[in-house]
Amino acid sequence: MGELTTSKTTIRDMEVEVFVYSPSDSINADTVLALSHPIINCAIQFIGYTPVSRYVLLVYFHDKEDHSKIPCLNFWGALEHGNSSTYALPAQKELFPYLQKMIAHEFMHILAPLNLHSNKLVSTDYSIPVNQDNHLWLYEGITEWASHIMLLRNAFISLDDYLLELSAMIRRSRTFTPPYSLLKLSNSWHTAEGKKQYGNIYQLGALTATILDLRLLRLSEGTRGLREVYLDLVKKYGSKQPFDNDSFFEEFITLTYPEIQSFIHKHIMSYTPFDFVEEFKAVGIQYLPVQLEDQNTPSLGFTVEHHPQGFVVSKILSPDTSAVKVKVGDIIVQVEVDDSPLDGNTFLFKLMQAKIHSPYSLRVLREGKSLVLEGRILQNARYDVFRQEENATAEQRYLRLKWMTLSP
Ligand SMILES: [Zn+2]
């Protein structure tokens, strides 16, 4: 990688070492250690003990000039190992919160798949594109859920911030169409079609774990949520003893409640959309699919970002906009509202005068191809809004407290 900086500390009884490469040492290991420290602390509190005695973070920050030097690291990404994790990302300080999320996720992989995995995963030969393991929902879905909820339960983030994260997961999950079940995703990530759906494991997978946790808390009256069941399974199996791929769902049901059987059938083995209103009611959280804002403010139902080639679609906010088939990354070349063409660069200003419900068409560039998409102007709104129920009952408040804090 080049010249590295290094830093180390002890968190509880765990030695943590950080090695960092950055162009001209613009970001050093002390900085990364300071970013990692609170995250690892939250993880240890969540797990309840230090899962390893030594943990190493290897971080490669790159800039444009480094791209030719180590092309294989010219990515955004991370990878977990038993006692370490590796990260590659651009050398930009604005990405520190993102790096913290990556560290949370990779560290939580110590639990699964490293200390909880199936016999089929152990025997997977990654050079042969076959996968019969059924439990990606656990390895990536629960890991992603845990990496966020441990921050909430240690008060590192607020409940409102956590709820915003859930909204973003719903929004991103909606862009994977037609939705695969988590089981299908687990069995087909290696195929060309399945690969396109893979990103949904971090959205739908984490949401599924979120709802499973709420169900378990409800059924156990706040005493045994997903964390407790998960940690029991990690304790039972560990790194050396795999569980049986085929009977694990049954084992999970036996360890929890008969009601979980239909949950697994509907939300893991097949795809059924969640009723977020109903699921979050138990903890006194309201879910509003749409919250209309100012009546006179028009919206396309997606956001754009400025890009050298023009405006680029950055977030799809409204489910109605999904029907327009606009995709994140589309470059907007021209917009027509009520048959009058608006220049691609000035359309945002002119759009503000458009009438709600009037038809529009978009000419976009996608992977070099030009496409025309049609829709209707929407009233400005917020989507997938979660908020705390002000008049929650004592029961709801009790379960909410159990949900958002760590039980001893
Ligand atoms: Zn992962």
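Taking trypsin sites (Lys or Arg not before Pro) across segment 198-279, the ones in a DSSP loop with at most 15 further Cβ atoms lying within 10 angstrom of their Cβ are 240.
List, in the order given, every pair from 64/93; 101/266; 120/240; 266/315; 266/325 whose Cα-Cα distance in the structure shown is over 18 Å. Where the Cα-Cα span goes over 18 Å, the pairs concerned are 101/266; 266/315; 266/325. What separates the Cα centres of segment 1-75 and segment 139-215 is a distance of 25 Å. Restricting segment 1-44 to GluC sites (Glu not before Pro) that sit in a DSSP loop and have at most 10 other Cβ atoms within 10 Å of their own Cβ leaves 3. The share of accessible area on segment 312-404 that comes from carbon and sulfur is 51 percent, using a 1.4 angstrom probe. Please state the shape class of segment 47-140: rounded when a/c is under 1.5, otherwise prolate if a/b exceeds b/c and oblate if not, all from the C-alpha gyration tensor. Verdict is oblate for segment 47-140. Calculated mean residue ellipticity, 222 nm, the chain: -10000 deg cm²/dmol, from DSSP H runs (n ≥ 4) at -39500 (n - 2.57) each, averaged per residue and rounded to 500. Taking every protein chain into account, the accessible area of the chain amounts to 49 square angstrom per residue (probe 1.4 Å). In plain terms, the chain from residue 168 to residue 45 could stretch by 41.7 nm, reckoned as 0.36 nm per residue minus the Cα-Cα distance. At full extension, residue 17 and residue 275 could sit 88.5 nm farther apart than now, given 0.36 nm per residue minus the alpha carbon distance. Is segment 162-256 rounded, prolate or oblate when judged by the Cα gyration tensor, a ≥ b ≥ c being the square roots of its eigenvalues, rounded requiring a/c under 1.5 and prolate requiring a/b larger than b/c? Oblate shape, in that a/c is at least 1.5 and b/c is the bigger or equal ratio.
Extension gain for residue 406-residue 79 works out to 115.0 nm (0.36 nm per residue, less the C-alpha to C-alpha distance). Shape of segment 263-398 from the C-alpha gyration tensor: prolate (a/c of 1.5 or more and a/b above b/c, with a ≥ b ≥ c the square roots of its eigenvalues).
Applying the criteria of a DSSP loop state and at most 13 other Cβ atoms within 10 Å to the GluC sites (Glu not before Pro) of segment 139-229 yields 221.
Between the Cα long axis of helix 204-219 and the first principal axis of the chain there is an angle of about 60°, rounded to the nearest 10. With Cα atoms as the point set, the chain shows a radius of gyration and Dmax of 22.9, 68 Å.
The solvent-accessible area of residue 137, taken with every protein chain present and a 1.4 Å probe, is close to 10 Å².
The long axis of helix 96-108 is offset from the longest Cα principal axis of the chain by roughly 40 degrees. Highest GNM mean-square fluctuation among 112, 88, 34, for the chain modelled with Cα contacts below 10 Å: 34. Taking every C-alpha pair closer than 8 Å and separated by at least 6 residues, the mean separation divided by the residue count of segment 298-379 gives a relative contact order of 30 percent. Take every pair of alpha-carbon atoms less than 8 Å apart whose residues are at least six positions apart; their mean separation over the length of segment 17-155 yields a relative contact order of 25 percent. Here the relative contact order of the chain, from alpha carbon pairs under 8 Å that lie six or more residues apart, stands at 13 percent.
On the beta carbon distance between residue 54 and residue 24, with R0 = 35 Å, the FRET formula returns roughly 0.75. Take the Cα of residue 175, step 7 Å toward its Cβ, do the same at residue 262, and the gap between the two points is 3.4 nm. For segment 5-108, the carbon plus sulfur part of the accessible surface works out to 54%, probe radius 1.4 Å.
The values are calculated or read from the model by the stated rules, or taken from the named source; none is laboratory data. Bear in mind the structure is a predicted one, so any value in this text is a computation, not a measurement. Quick reminder, even Gly has a Cβ in these numbers, built from the backbone with ideal geometry, and neighbours come from all protein chains shown. For the accessible areas, the whole protein counts, side chains as well, though only heavy atoms, and no ligand, DNA or RNA atoms are used. Shrake-Rupley method; radii C 1.70, N 1.55, O 1.52, S 1.80 Å.
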